[in-house]
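Reading through the structure tokens given below for one structure.
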Amino acid sequence: MKSKVKVVLNDKLEGIVEDLRSAQSLYNEGYGSLEGETLRLHPLEVAYLRYKDRIEIFKNSKKVELSEFFEMLHNIDKLFWVKFVVYYDLKSR
């Protein structure tokens with residue numbers, strides 16, 4: 001089993017991947033945007049990858065569970081669930 005990639009959330013709930021190998025691997029799969037040696041993931045990408053159990057999410061050095069992250073996103077975007085379902089469907093095809 002592959003180890004999960006560590007993703008740190010910024011204030012915009014974007015995911016930052018600092019491990020170069022993990023960042024390049026996810027980028028090559030079509031996720032995020034490379035900024036130097038780090039990868040910046042859109043919150044929907046973070047949600048999808050966590051839902052698929054490929055990453056672990058941290059904020060302020062504390063592990064964030066999937067349900068907690070979904071709630072954080074829903075609090076800033078009431079249409080989060082709709083967007084997530086659409087994104088999930090498109091990525092799963």
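Only residues that are buried (at least 17 other Cβ atoms within 10 Å of the Cβ) and either assigned to a loop (DSSP other than H, G, I, E, B) or not polar (S, T, N, Q) (or both) were counted across region 15-24, and they come to 4. When you go through 48, 27 one by one, which is the residue that is aromatic (Phe, Trp, Tyr), in a helix (DSSP H, G or I), modelled with pLDDT of 95 or more and open to solvent by less than 80 Å² (accessible area, probe 1.4 Å)? Among 48, 27, only 48 is aromatic (Phe, Trp, Tyr), in a helix (DSSP H, G or I), modelled with pLDDT of 95 or more and open to solvent by less than 80 Å² (accessible area, probe 1.4 Å).
Taking the criterion of being more than 21 Å from residue 92 (Cα to Cα), touching a residue at least 40 places away in the same chain (Cβ under 8 Å) and out of contact with any helix residue (DSSP H, G or I) (no Cβ under 7 Å at 6 or more places or on another chain), the residues of region 35-77 that qualify are 58, 59, 64, 72, 76.
Within region 1-26, residues that are under 10 Å from residue 41 (Cβ atoms) have Cβ atoms under 8 Å from residues that are hydroxyl-bearing (Ser, Thr, Tyr) and part of a strand (DSSP E or B) in these pairs: 16/38; 17/38; 23/38, counting only partners at least 6 apart in sequence or on another chain.
Condition check: open to solvent by 80 Å² or more (accessible area, probe 1.4 Å) and part of a strand (DSSP E or B). Does residue 12 satisfy that? The answer is no for residue 12. In a residue-by-residue description of region 77-93, the property of being in a strand (DSSP E or B), aliphatic (A, V, I, L, M) and either modelled with pLDDT of 95 or more or open to solvent by less than 40 Å² (accessible area, probe 1.4 Å) (or both) applies to no position.
The values are calculated or read from the model by the stated rules, or taken from the named source; none is laboratory data. Note that the coordinates shown come from a computational prediction; the quantities given were computed from them, not determined experimentally. Ideal geometry is used to build each Cβ from the backbone, glycine not excepted, and the neighbour counts take in all protein chains shown. With ligands, DNA and RNA removed, areas are computed over all heavy atoms of the protein, side chains included. Shrake-Rupley method; radii C 1.70, N 1.55, O 1.52, S 1.80 Å.
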